[in-house]
Amino acid sequence: MKKLLVVMMAMAVAVSFGSMAMAKDGLSVDLGFAWNFNGADMGKTIAKDGEEGAGTGAFGDVILSDQTMLSIKKSAPVYISKVKEGGSMQGLNTALRLRYDFLNSFFARLGFVYDMQLTGGEQEATLGAFFGPVAGQKVKQTWTYGMWAIPLTVGINVPVNDGKLNIYAGLGLTYYSGYWQLEAKAPAGYIDLDDDGDTFDGPDFASAVNEKAKFEVSGIGFNWTVGTSAEVYQDVALFIELDATVAAGMADAKLKSPAGQAAFGLSTIAYPVNLSTQLVRFGVNYKLPVQL
C-alpha cells in the first residue's frame, strides 16, 4: 500500500507539471481477465499443512495434505498405495467495469468481479493392504471456492500522446462475498469415533466419512490498482494492470455426521476465509459514444 501511495503521488506531480497531453474524458467500459493461482489462499493448507483436527484420523491428521499422502505412499505403500494430488485451487477472475474519466487527469470506476474455480483441489488416496477389509477404498478430499465483488475505485490518470497511452493508479472500497468448502469422504473406520487410539476397531465401523463444510464471508474491503492502457483502434484500447483486493473474515460451519464431529471433537468449527487477491489483469477498454 505504501508503494501505491508513492506511485500516486508521483503521478500527481506528473499531472501538475507534465506535458499538455489531453486524455479522452468520458465514459468507457472494460472487460478484463486474470488467473487466480491460489483461490481463497488455501494452497498451503492443501499442499503442505493439512489439518490436524482432533488427531483422530487413521494417520493422525484428519485432513491429509498432498505432502503427507505422497510421503506415506513413497515410504510405506502398504498404508497408501495410490495418490492423486490436489494442488491449490485455481480459477478465472473476470471483471466487467464502467469507467468515467474527467478533468483530464482523474477517473472513477465501478465494476463487477466474478472469480470461478476451474482446476485444483481434488485430492484422493487409495488405502493399502494394511487396512484389510477397506483396502483399495479411497479417501477423497474435494476443495472448492468462489467469490464475487463490486469494487469502486477512484484515482489519477496520466495521459500521453493525447490519451493514446494512459498510466493510471487508484484505490477504493470493495463489497465482497465468497467462500471456500471442503467435502470429505472415506470408508467406515477411517475416523476413530470412540477416540481409543484404534481407528479400525468395532465401533469405528459404525459410520463412514461423508462430510461437507462450507465457510462463507461477506463485507467491505479495500482495493487498489496500477496499470497502463494503449489505444489500438479508434476508441478501443488494451490494458494491463496489477489489480489487488483485500477481503477476509472468520466463518463457521456445522459438522453434521458423527465421523465429522469426531474428526474435530466439535460440532461447529470456525476458520478464516481469505479472499484477498493480487492479480495481473489483461483486458480491453471501449470508449462509449456518450457525452456527459
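The values are calculated or read from the model by the stated rules, or taken from the named source; none is laboratory data. Just so it is clear, the structure is predicted and the values come from calculations on it, not from any experiment. Ideal geometry is used to build each Cβ from the backbone, glycine not excepted, and the neighbour counts take in all protein chains shown.
I'd like the full set of residues that are outside any strand (DSSP E or B) and in contact with a strand residue (DSSP E or B) (Cβ under 9 Å, 6 or more places away or on another chain), limited to region 162-181.
163, 164
Yes or no, residue by residue, for (1) at pLDDT 95 or above; (2) within 29 Å of residue 163 (Cα to Cα); (3) in contact with a strand residue (DSSP E or B) (Cβ under 6 Å, 6 or more places away or on another chain):
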site	(1), (2), (3)
92	yes, no, yes
98	yes, yes, yes
107	yes, yes, yes
112	yes, yes, yes
120	yes, no, yes
126	yes, no, yes
130	no, no, no
140	yes, no, yes
143	yes, no, yes
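Only residues that are touching a residue at least 24 places away in the same chain (Cβ under 8 Å) and among the polar types (S, T, N, Q): list them for region 210-258, please.
210, 218, 223, 225, 228, 229, 245, 257 - these are the residues of region 210-258 that are touching a residue at least 24 places away in the same chain (Cβ under 8 Å) and among the polar types (S, T, N, Q).
How do the pairs read when you match residues in region 148-160 that are over 26 Å from residue 176 (Cα atoms) with residues anywhere that are at pLDDT 95 or above and of a type in the set (A, V, I, L, M), using Cβ under 6 Å and keeping only pairs 6 or more apart or on different chains?
Correct list of pairs: 158/167.
Quick check: anything in region 75-98 hydroxyl-bearing (Ser, Thr, Tyr), out of contact with any Lys or Arg (no Cβ under 9 Å at 6 or more places or on another chain) and part of a loop (DSSP other than H, G, I, E, B)?
no
Restricting attention to region 33-74, which residues are in contact with a Leu (Cβ under 8 Å, 6 or more places away or on another chain), crowded, with 17+ Cβ neighbours inside 10 Å and assigned to a strand (DSSP E or B)?
Scanning region 33-74 gives 34, 36, 57, 63.
Within region 105-161, can you find the residues that are of a type in the set (D, E, K, R), touching a Gly at 6+ places or on another chain (Cβ under 7 Å) and closer than 21 Å to residue 51 by Cα?
The answer is 122, and nothing else.
What's the number of the only condition in (1) at positive phi; (2) in contact with a strand residue (DSSP E or B) (Cβ under 8 Å, 6 or more places away or on another chain); (3) modelled with pLDDT under 95 that residue 103 fails to meet?
Of (1) at positive phi; (2) in contact with a strand residue (DSSP E or B) (Cβ under 8 Å, 6 or more places away or on another chain); (3) modelled with pLDDT under 95, only one is false for residue 103: (2).
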